[in-house]
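Take a look at the structure set out below.
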Amino acid sequence: MTKELSFEERFQAYVDGENKVEPKHWMPEAYRKTLIRQISQHGHSEVVGMLPEANWITRAPSLRRKVALLAKVQDEAGHGLYLYSAAETLGADRQNLVEDLLSGKAKYSSIFNYPTPTWADIGAIGWLVDGAAIANQVMLCRTSYGPYARAMVKICKEESFHQRQGYEIMMSLAKGTPEQKQMAQDALNRWWWPSLMMFGPTDDLSPNSAQSMKWKIKRKSNDELRQEFIDKTIPQADYLNLTIPDKDLKWNEERGHHDHGEINWEEFYNVIKGRGKCNKQRLAARNKAHDEGEWVREAANAYAQKQADRKRKQKGAA
Amino acid sequence: MSNKDNWKIWEVFIRSRNGLSHKHVGSLHAPDAEMAIKNARDVYTRRSEGINIWVVPSDEITASNPDESEPLFTPADDKVYRHPTFYDIPDEIGHM
Ligand SMILES: [Fe+2]
Ligand SMILES: [Fe+2]
């Protein structure tokens, strides 16, 4: 007699067979919950991620830089929307998602709680922060949940310009005056370690990772992705003639990868807990933007109502 | 936030160029069809991905039930005679 497979076992076998899960399919409640949390946090990160950069749009050093930065920030808004839509296919409610962000209940990537004091930070963000996000998002293009994977494919297509515009900023600063080169170096110093933290805790300390890997939501571990990013970024820093602020960084012949120094995880958890430099500022800015958009939403509602009434009247008259 | 702000969901379909069908690209929220088209333009066609947009209220779409996909679709699986390779035509006839 063959053993009857449970729903969970059948689901696991389906995922193991590299099949995509679609919205109305049966899925374990924990799979749904994990995805809603991950996708909405990812969406919030895109939305909050606009703030540190928006800070520099009006002060970009040239029109070329300004249009690029504006387009990048606009893309991030789009990314947030693709992700919220993907979360909604799992039964999440948009209004709740937005409310949870505004109230501070929801999490977003802590990298966006760091300040952007100089123009070079915009270069470093595009190069490193978008670079790290790309490593993660390229992996997620193969995630098991269809709508999430499709959103990632769209996002990845748009991300590569983000990283290139950032690296180009770093290039012009690194090749500029000694002061400009120093600006670039300082920005690299500021963003290097927080960028490595973007991949999350080390594998031995990220308890939920194993289940996510089993469900093929994640396809690579935090440490694997971090290593990939480090190996890829080092030659890019060398080309800029800038120094990565890690004296323990060295090529490990045996592993075929670079070894790196200890990450300050205390700082990481502090920022997550709300004690980063800009946590309060970011939430305040997001709330302000939302409140100031109230009249736009009201006007859109009024217009929609008016149009609907007019249509109804026309129908009545005909 | 008022309840009125929870605009309904619209599914967005885009024709990337003439000669191709509209293809589903995602969804968005809007208070009416006109705004849905405007939002779709900003959210889904920032890089000339399309030349025409359809928006359909999500709740107007009727979908087949994935749990019933077996009785719905498997009957087609054993009808090999619907495919050209089912028929033996000698090679000298050439392409047919
Ligand atoms: Fe993004
Ligand atoms: Fe980006």
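The values are calculated or read from the model by the stated rules, or taken from the named source; none is laboratory data. Please read all numbers here as calculations on a predicted model, not as lab measurements. Glycine also receives a Cβ, built like all others from the backbone with ideal geometry; neighbour counts cover every protein chain displayed. Each accessible area value is taken on the protein alone, full model and side chains, heavy atoms only, with ligands, DNA and RNA left out. Shrake-Rupley method; radii C 1.70, N 1.55, O 1.52, S 1.80 Å.
Do you know which residues across region B:43-59 are in contact with a strand residue (DSSP E or B) (Cβ under 9 Å, 6 or more places away or on another chain) and either open to solvent by 50 Å² or more (accessible area, probe 1.4 Å) or not polar (S, T, N, Q) (or both)?
Hits for region B:43-59 are B:Val43, B:Tyr44, B:Glu49, B:Gly50, B:Ile51, B:Asn52, B:Ile53, B:Trp54, B:Val55, B:Val56, B:Pro57, B:Asp59.
Only one of (1) under 15 Å from the mean Cα position of the chain (by Cα); (2) within 16 Å of ligand 2 (Cβ to nearest atom) fails for A:Met197. Which number is that?
A:Met197 satisfies all of (1) under 15 Å from the mean Cα position of the chain (by Cα); (2) within 16 Å of ligand 2 (Cβ to nearest atom) except (2).
Is there a residue being over 17 Å from A:Tyr148 (Cα atoms) and among the hydroxyl-bearing types (Ser, Thr, Tyr) anywhere in region A:94-103?
Yes, the conditions are met somewhere in region A:94-103.
Go over the candidates A:Ala86, A:Ala77 one by one and state the one that is within 16 Å of ligand 2 (Cβ to nearest atom) and out of contact with any Asp or Glu (no Cβ under 6 Å at 6 or more places or on another chain). Steps first, answer last, please.
Working: A:Ala86 fails: within 16 Å of ligand 2 (Cβ to nearest atom).
That would be A:Ala77, the only listed residue that is within 16 Å of ligand 2 (Cβ to nearest atom) and out of contact with any Asp or Glu (no Cβ under 6 Å at 6 or more places or on another chain).
Give region A:239-259 a look and list any residue that's surrounded by 15 or more Cβ atoms within 10 Å (Cβ to Cβ) and more than 24 Å from A:Lys181 (Cα to Cα), or say none.
A:His258
What residue, among those in region B:1-38 that are surrounded by fewer than 20 Cβ atoms within 10 Å (Cβ to Cβ) and in a helix (DSSP H, G or I), is farthest from the other protein chains (Cβ to nearest Cβ)?
Only one residue tops the list, namely B:Ile37.
May I ask you to list the residues in region B:16-66 that are in contact (Cβ under 8 Å) with a residue 24 or more places away in the chain, of a type in the set (Ser, Thr, Tyr) and in contact with a Lys or Arg (Cβ under 8 Å, 6 or more places away or on another chain)?
Those that are in contact (Cβ under 8 Å) with a residue 24 or more places away in the chain, of a type in the set (Ser, Thr, Tyr) and in contact with a Lys or Arg (Cβ under 8 Å, 6 or more places away or on another chain): B:Ser16, B:Ser58.
Could you tell me whether A:Ala54 is within 16 Å of ligand 1 (Cβ to nearest atom), open to solvent by less than 50 Å² (accessible area, probe 1.4 Å) and of a type in the set (A, V, I, L, M)?
In short, yes.
Among (1) under 30 Å from A:Phe161 (Cβ atoms); (2) modelled with pLDDT under 95; (3) of a type outside the set (D, E, K, R), there is one condition B:Asn6 misses while meeting the rest; what is its number?
Evaluating B:Asn6 over (1) under 30 Å from A:Phe161 (Cβ atoms); (2) modelled with pLDDT under 95; (3) of a type outside the set (D, E, K, R) leaves (1) as the failure.
Would you pick out the residues in region A:283-318 that are more than 30 Å from A:Ser110 (Cα to Cα), away from chain B (no Cβ under 14 Å) and either assigned to a helix (DSSP H, G or I) or modelled with pLDDT of 95 or more (or both)?
Within region A:283-318, A:Lys313, A:Gln314, A:Lys315, A:Gly316, A:Ala317 qualify.
Going by the structure shown, is A:Thr233 more than 14 Å from chain B (Cβ to nearest Cβ), of a type in the set (Ser, Thr, Tyr), assigned to a helix (DSSP H, G or I) and more than 16 Å from ligand 1 (Cβ to nearest atom)? First the steps, then the outcome.
Details: more than 14 Å from chain B (Cβ to nearest Cβ): yes; of a type in the set (Ser, Thr, Tyr): yes; assigned to a helix (DSSP H, G or I): yes; more than 16 Å from ligand 1 (Cβ to nearest atom): yes.
Judged against the criteria, A:Thr233 is a match.
Among the numbered criteria (1) open to solvent by less than 10 Å² (accessible area, probe 1.4 Å); (2) closer than 21 Å to A:Tyr31 by Cα; (3) away from every other protein chain (no Cβ under 14 Å), which one does A:Ala149 miss?
Going through the list (1) open to solvent by less than 10 Å² (accessible area, probe 1.4 Å); (2) closer than 21 Å to A:Tyr31 by Cα; (3) away from every other protein chain (no Cβ under 14 Å), A:Ala149 breaks only (3).
So, in region A:40-64, how many residues would count as being modelled with pLDDT of 95 or more and either away from ligand 2 (no atom under 16 Å from the Cβ) or polar (S, T, N, Q) (or both)?
Counting residues in region A:40-64 that are modelled with pLDDT of 95 or more and either away from ligand 2 (no atom under 16 Å from the Cβ) or polar (S, T, N, Q) (or both) gives 10.
Kindly provide the set of residues from region A:83-111 that are at the interface with chain B (Cβ under 9 Å from one of its Cβ atoms) and either on the phi > 0 side of the Ramachandran plot or touching a residue at least 40 places away in the same chain (Cβ under 8 Å) (or both), ordered by number.
Correct list: A:Tyr84, A:Ser85, A:Ala86, A:Thr89, A:Val98, A:Leu102.
What number of residues within region A:18-45 satisfy the criterion of being open to solvent by 20 Å² or more (accessible area, probe 1.4 Å) and within 14 Å of chain B (Cβ to nearest Cβ)? Can you show your working first?
From region A:18-45, those open to solvent by 20 Å² or more (accessible area, probe 1.4 Å) are A:18-20, A:22-26, A:29-30, A:32-34, A:36-38, A:41-42; that's our starting set.
Among the residues that remain, those that are also within 14 Å of chain B (Cβ to nearest Cβ) are: A:19-20, A:22-26.
The qualifying residues number 7.
May I ask you to list pairs of residues, at least six apart or on different chains, whose Cβ atoms are under 8 Å apart, with the first in region A:137-160 being closer than 25 Å to A:Asp16 by Cα and the second being within 15 Å of ligand 2 (Cβ to nearest atom) and among the acidic types (Asp, Glu)?
Close Cβ pairs (under 8 Å, with a partner that is within 15 Å of ligand 2 (Cβ to nearest atom) and among the acidic types (Asp, Glu)) amount to A:Gln137/A:Glu159.
When region A:111-123 is examined, which residues are found to be buried (at least 16 other Cβ atoms within 10 Å of the Cβ) and more than 16 Å from ligand 1 (Cβ to nearest atom)?
A:Asn113, A:Tyr114, A:Thr116, A:Thr118, A:Trp119, A:Ala120, A:Asp121, A:Gly123
Which one of A:Gln163, A:Gln180 is within 16 Å of ligand 2 (Cβ to nearest atom), more than 29 Å from B:Ser58 (Cβ to Cβ), open to solvent by 10 Å² or more (accessible area, probe 1.4 Å) and modelled with pLDDT of 95 or more?
Only one candidate passes the filter, namely A:Gln163.
Table: residues versus (1) at positive phi; (2) of a type in the set (D, E, K, R); (3) within 14 Å of chain B (Cβ to nearest Cβ).
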residue	(1), (2), (3)
A:Ala135	no, no, no
A:Val138	no, no, no
A:Ser144	no, no, no
A:Glu159	no, yes, yes
A:Arg164	no, yes, no
A:Glu168	no, yes, no
